[in-house]
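Notes follow once the structure below has been shown.
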Amino acid sequence: MNDNTEMMVPSRTTVWLAPVGTAVPADCTIAPAAGWKNVGYTPEDSLSFSTEPAFQEVRSAQSDYPTLRFQTSDSATVSVDLQQWNPDNFKAVYGGGTVTEVTPATTPKTYKFVPPKIGARTEVACLIDVEYGAKKYRYVVPRAFQNEGVQKQLHKGAESRLPLRLAVLGSDAGDPFYILTNDESWAVAP
């Protein structure tokens, strides 16, 4: 049945990051508590969540088409550009690192960012909140890993963004990602 109340046109999106294991709110209407940090401003068109299942085919002499197709793996990614330059966001896009104050006695002070060494990247948990009127959707990623390089455009007179590209990680317990919503169209019929 055609029903335009089941459409989604995001009016607000928010991305939150936290250390792996930080408590996730029980539903999509509760604001994330201690440990979760909002990454701040993001461009209107930069946030995406993608899944990429991989399949293998079996071909048979009796058919011009595959006779069996089965899934061999799955993966998912979160991609968003961050507009705010701060220590937390730099650590997020580089997969960790350290920020230190190198001239504590001077004004203005100077700070130093050092990206993580090989093998020292850290995993993060991620929440993506998407709102459309009263509808709320929350993507929950318990474990993710920044596994792409960082390319920033540093053009005179143009906004420079920090590219956050997270690969969803799985484990032997729990879901690699899930979605919470208060959308009434999802109500399960009795």
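Can you show me the helix-derived [θ] at 222 nm for the chain, built from DSSP H runs with n ≥ 4 at -39,500 (n - 2.57) apiece and divided by the number of residues, rounded to the nearest 500. Please list the in-between numbers first.
Numbers: 1 runs with 8 residues, N = 190.
Calculated from helices alone, the mean residue ellipticity at 222 nm is -1000 deg cm²/dmol.
Give the aspartates and glutamates reachable from K152 as a straight Cα distance under 19 Å; neighbours fewer than 8 places away on the same chain don't count.
Within the straight-line cut-off, K152 pairs with E44, D45, D81, D88.
State which entries of K117/K156; K91/K117; K37/K156; K37/K136; K37/K109; K37/K91 exceed 22 angstrom in Cα-Cα distance in the structure shown.
Details: K117/K156 30 Å; K91/K117 12 Å; K37/K156 30 Å; K37/K136 19 Å; K37/K109 25 Å; K37/K91 12 Å.
Beyond 22 Å between Cα atoms: K117/K156; K37/K156; K37/K109.
In percent, what relative contact order does the chain have, based on Cα pairs under 8 Å that are 6 or more apart in sequence?
24
Give a quick list of chymotrypsin sites (Phe, Trp or Tyr not before Pro) in region 68-110 that DSSP marks as loop, anything other than H, G, I, E or B, with at most 16 other Cβ atoms within 10 Å. List each step's numbers first, then the result.
Values: sites: F70, W85, F90, Y94; in loops: W85.
When the chymotrypsin sites (Phe, Trp or Tyr not before Pro) of region 68-110 are filtered for loop state and at most 16 Cβ neighbours within 10 Å, W85 remain.
Among S75, S63, S48, determine the one that fluctuates most according to a GNM of the chain built with springs between C-alpha atoms less than 10 Å apart.
S63
Past the 28 angstrom mark, what percentage of all C-alpha to C-alpha distances in the chain do you count? Please list the in-between numbers first.
Values: 7216 of 17955 pairs.
Here the tail beyond 28 Å accounts for 40 percent of pairs.
Quick note: the coordinates plus some simple rules give every number you see, no bench work behind them. Quantities reported herein were computed from a predicted structural model and do not represent experimental measurements. Reconstructed Cβ throughout: ideal geometry from the backbone, glycine too, with neighbour counts over all protein chains shown.
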